[in-house]
């Protein structure tokens, strides 16, 4: 995972062409991204089903990007090892899914992977106060998880401010949902440094141009 002090745009393959995933990842990699976001949904914790370890293992053979693996599943502890073995570099799981998040963070670290905690829009920041400092990343959902292409929720994004106060400057704070060139300056101003963008990149005919627009918005906010 990139170290602190940088702002990273992280394309989410949820909105990519699933028949051409390796090509889609290669396109954004050629534009200079360091991470790719893999949305894992189980049809239980969220009302959709996406990919599992076998797909990630296949993609791992075609990319050396950081695989930022977001487990939107009901039993993350049960499947964490399988995702690490498949090639996940970072695993984020939802605070809503476990009663012992600190133990799961320790287990993911012991497996040789960085770990992150995630909270849904309706979940208070206080729920992650104890576990967040143990993590390498905190992911703030700025839409309700389960589907791509949703409208950005500013009230949820504002939680980044409180999260940043808890974790300080050295833990990455990620946002996911409705991120594009217009919402990027907003979340960066709140303290986010890792911006997941799906439809705003893979929903456009020119992936590189769409990515460049978001990266430019980051740079504009920093000047």
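Some observations on this one:
- FRET efficiency estimate (nearest 0.05) - Cβ-Cβ, residue 44 to residue 18, R0 30 angstrom: 0.90
- Segment residue 63-residue 111, length gained on full extension (0.36 nm per residue, minus Cα span): 15.2 nm
- Separation of region 119-140 and region 1-52, taken as the distance between their Cα centroids, equals 21 angstrom.
- Peptide ranges 123-131, 93-101 listed from the most packed, as the mean C-beta count within 10 angstrom indicates: 93-101, 123-131
- Gyration tensor over the Cα atoms of the chain: the corresponding equivalent ellipsoid has semi-axes (square roots of 5 times the eigenvalues, largest first) of 23, 21, 16 Å.
- Over the chain, DSSP H runs of length four or greater, each weighted -39,500 (n - 2.57), average out per residue to a 222 nm ellipticity of -10000 deg cm²/dmol.
- Short-range pairs are left out: with C-alpha atoms under 8 Å and at least six residues apart, the relative contact order of the chain is 21 percent.
Computed from the coordinates by the stated procedures, all read-outs in this text should not be read as laboratory data. Nothing here was measured: the structure is a model prediction, and the numbers come from that model. FYI the Cβ positions are ideal-geometry reconstructions off the backbone, even for glycines, and counts take in every protein chain you see.
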